[in-house]
Amino acid sequence: MDHFSALLHLSHDLERVSLNRNPEGRRELARDARNSGADIDVEDDLALLFGRCHITFEMAREFHNADLEILDLTDGIKLCNGPGPTVSRALFEPPGNPYLAMVVQCSLLAATHDITSLARHSARAFEREQVRVSVGRQIQRALSAENARGTLAAIDEQTTWFDWRAMLVSIASRLGLGDPDTAVRETIPFNIFEVLMVLLASVQRFPEERVLLIDTTRAACVLVAWTHYILGLSVLVRRVVGGQTITDMFGDGREQVIIDLHPKLPEQCKDSAALWCRDGTQLFRTTDLRANNINGSYRAPATGWGARYLQHYARSAYIDGERLVREGMMLSAAFAWKFCSRLLIAFDVSPEVDDANNFMPYNVDGCYILEAILFLFGVEEISDEEFETIQTYVNHLCGGTLLDTSIPPGMLSNTGIIQSDWEILRSACFEISVLIYAFAHVDNLNECIGLSIVEMVIPESHFKRLLTTWEIGSPLKVTALSCLDIMSKAITGDRRDPDFHQMSLISKHGWSVFLSSMTENDPGSVRKGAVTVLPGTPCLVDVYKHRILEDGTGSPDESGGILSSGSGSQLSSACLNAISLDLPDIEEKDDSFVVSRGYVDNHSSMVTEKYRTGYSELYAAQWFSQNTTKCPHACNEQDTVSLPPGCIPIYGFGDFLPLSLEGQVFIYQTAGNKHARWRALLAIANIKDPKGNNGKDRTYHPVLLKTDETCLQCAVNEAVAYPMTPCFLVL
């Protein structure tokens, strides 16, 4: 057996000993890892692949200084951001343990490579390594790609706080690679990835005797981050520019890793790696010259996403990027403002129903749209001149679809693009406008600075499909869950269309997006159609999941509400329909928590009614409501009003109220009880109107939610004047 093979045998035996644990401690570690989606045996296997190297003191300190941030989400479920079971295990091991080295290296690789692809290639590398070190011995075990995926995903979400992209961009800038965004997307060829885990350990153990030579056309940034910033090796990068060899040195002393970065390798050459002695003896060279790349993750910071997207287009079209980004920002803003001014909520979602009374305008505050534009383009403000240009572009948009729009006057001269490039720019601005709409509904945009989303085109959503065929100027029907759909696909990159009607939270890569109804706030203070985006993964008693669902088994009260006398009766602000919130039912299903909340109603019949629901049903029920208009009068809890004709107070929460009775306004007496107000919205959502359109049932009805800024008399007057009947007023 040669020296190199003997070294591998010895390193594996030593590492096996270090991974042994007492049975009780190992069972506890295994349970915690399994609850977070990881696998303790896979952690051991990955530690054998990556743990033979030592990481730098600076990198170890960065990870040891990480704190676990825990945010109470709802019903005992928390958002955990930071070191979870897998990372914590590595941090609490003695210094120099293989787990921390594994976690740090896998964190970089998971941040820059597609996790499924990385898991598959890691399993292949582990299998080949087992064969290589098991000469004359039985192979110990195989690494499952599926289990490896779960563990790598757990490491990724538990270390998302570390900004690997900033490091990679800094390396790209130092190397002068032109487009940093392109450089940091490059992934490591598999044949190089496979051998680095062995060769890098040899260089670390014999730094004065060994040198690693890598010939490649790509992934210089990731390779430098891995070999120098994580492992502390001195790295020399050589590349030929204009016939001259340019060198960049990372670290002090003699180079231990040399990366020859070629613009293009000769046909007979492939990406490869070789281990050499300083005396010129070659110890090892890759024999597998198939340069299959591990797929990339293709995620980028959400801040400045629109600017980078347009810069990428500008470079490909050889256009002045700064001018193009400025014009593209204004065109994207014009697209968003144009269609946001035509949004409608349809009470009857059937496409053949076009009755004007069937719609309720849906207004997106211009301040939210502006905040989303500033966020997505990474700018602090829009000048008065730019606002004027945006308005000019908005006025230019008339007739046809957004993707049929002709180029606005002046844009040709402002950007230098040619007519044939206009269609590409227009499509890019269309994509950005969809994101502007979605981010305008994120109610905590200031907390999303570290958010990463899909780098290029966002997977198609239902709203985007509607917008593609939307005729400019016509109404655009929008659904309650459109923003959850867009934001979840932007974060996860998932192209499938999950059933959002029973889903209230989705989490991936250490970030979660969830419905605004998951807060404990009064429905009048919850922003309709909004979502919240926060770092962290849902956790309940050390069990991590990536979805929150509801079981869809609501139990409406079929007993019917009690209709009080109408015209002339006195209505007060007192709450006559008190509701309490029962303890939630939470179950686990695959990768989801299934949550059911119970609203308990004790009314005069002495029968306790409990309505079980979930956050998405609450969200949908609030969608058809709007707050009453602020009035100048003082609001007093002791106020009473005499009801005009057609107004009927309701006592109780009958979910199948007989609307065949004559009534223009139905009033729920729920003032001051937020749970009762949510319960009223659920009851209204369950009402079926037998009169409907053309004999069809109308499923939804307009609802006015009284706020503290509206007096009782003005709230009743507004409900009576509402153009569509029946109208519901929730006090």
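Which of the peptides 79-87, 243-251 is most tightly packed, and how do the rest follow, judged by the mean count of other Cβ atoms within 10 Å per residue? Don't skip to the end; give the middle numbers.
Details: 79-87: 23.8, 243-251: 12.2.
With the highest mean Cβ count within 10 Å placed first, the list reads 79-87, 243-251.
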Query - residue 206-residue 182 FRET efficiency (beta carbon distance; Förster radius 35 Å; 0.05 resolution) - result: 0.50
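Once fully extended, how much extra length lies between residue 58 and residue 365, figured as 0.36 nm per residue of separation less the alpha-carbon to alpha-carbon distance? Numbers along the way, then the final one.
Details: separation 307, 0.36 × 307 = 110.52 nm, distance 4.63 nm.
Computed gain between residue 58 and residue 365 is 105.9 nm.
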Query - ³J(HN,Hα), Karplus 6.51/-1.76/1.60, whole Hz, each residue of the range 720-730, x for Gly, Pro - result: 5, 7, 4, x, 10, 10, x, 10, 10, 10, 9
Requested in this report: Mind ranking 170-183, 639-652 by how tightly packed they are, going by the mean number of other C-beta atoms within 10 angstrom, highest first?
Outcome: 639-652, 170-183
Query raised in the report: If we sort 328-334, 45-51 on the protection proxy, mean other Cβ atoms within 10 Å, highest first, what's the order?
Result: 328-334, 45-51
Requested in this report: Once you have the Cα-Cα distance between residue 249 and residue 574, take 0.36 nm times their residue separation minus that, and quote the gain in nm to one decimal.
Outcome: 109.4 nm
Report summary line: Expressed in square angstrom to the nearest 10, the accessible area of residue 184 with a 1.4 Å probe stands at 10
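Determine the sum of side-chain charges near residue 572: Lys and Arg each +1, Asp and Glu each -1, restricted to other residues whose C-beta is under 14 angstrom from that of residue 572. Show your work: numbers first, answer last.
Working: positive: 706; negative: 637, 639.
Every neighbour counted, the sum reads -1.
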Query raised in the report: Quick one: if you stick a label point 7 Å off each Cα along the C-beta vector at residue 162 and residue 386, how many nm between them?
Result: 3.5
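Using Cα-Cα distances under 8 Å and only pairs 6 or more residues apart, what relative contact order does the range 174-266 have, in percent? Mind showing how you got there, number by number?
Working: 133 pairs, mean separation 27.2, N = 93.
That works out to 29 percent.
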Requested in this report: Calculate the spin-label point distance for residue 627 paired with residue 651, positioning each point 7 Å from the Cα along the beta-carbon direction, and give it in nanometres.
Outcome: 3.2
Requested in this report: First compute the accessible area of the range 146-246 with a 1.4 Å probe, then give the percent of it belonging to carbon and sulfur atoms.
Outcome: 48
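Under the 0.36 nm per residue contour assumption, what length would be gained going from the current alpha-carbon distance of residue 240 and residue 169 to full extension? Display every interim value, and only then the final one.
Numbers: separation 71, 0.36 × 71 = 25.56 nm, distance 2.06 nm.
Extra length from residue 240 to residue 169 when fully extended: 23.5 nm.
Quick one: net charge of residue 404's neighbours, Cβ under 11 Å, K/R +1, D/E -1?
Values: positive: 426; negative: 423, 471.
Here the charged neighbours net out to -1.
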Report task. Report the net charge of residues surrounding residue 614, where surrounding means a beta-carbon distance below 9 angstrom and charges are Lys +1, Arg +1, Asp -1, Glu -1. Result -> -1
Report task. Output ³J(HN,Hα) for the range 152-168: one whole-Hz value per residue in order, computed from phi by the Karplus curve 6.51 cos²θ - 1.76 cosθ + 1.60 with θ = phi - 60°, and x for Gly and Pro. Result -> 5, 5, 5, 5, 4, 6, 8, 10, 5, 5, 7, 8, 5, 4, 4, 5, 5
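The values are calculated or read from the model by the stated rules, or taken from the named source; none is laboratory data. Everything quoted here is computed from the prediction, not taken from an experiment. FYI the Cβ positions are ideal-geometry reconstructions off the backbone, even for glycines, and counts take in every protein chain you see. Heads up: the accessible areas ignore ligands, DNA and RNA and are worked out on the full protein's heavy atoms, side chains in. Shrake-Rupley method; radii C 1.70, N 1.55, O 1.52, S 1.80 Å.
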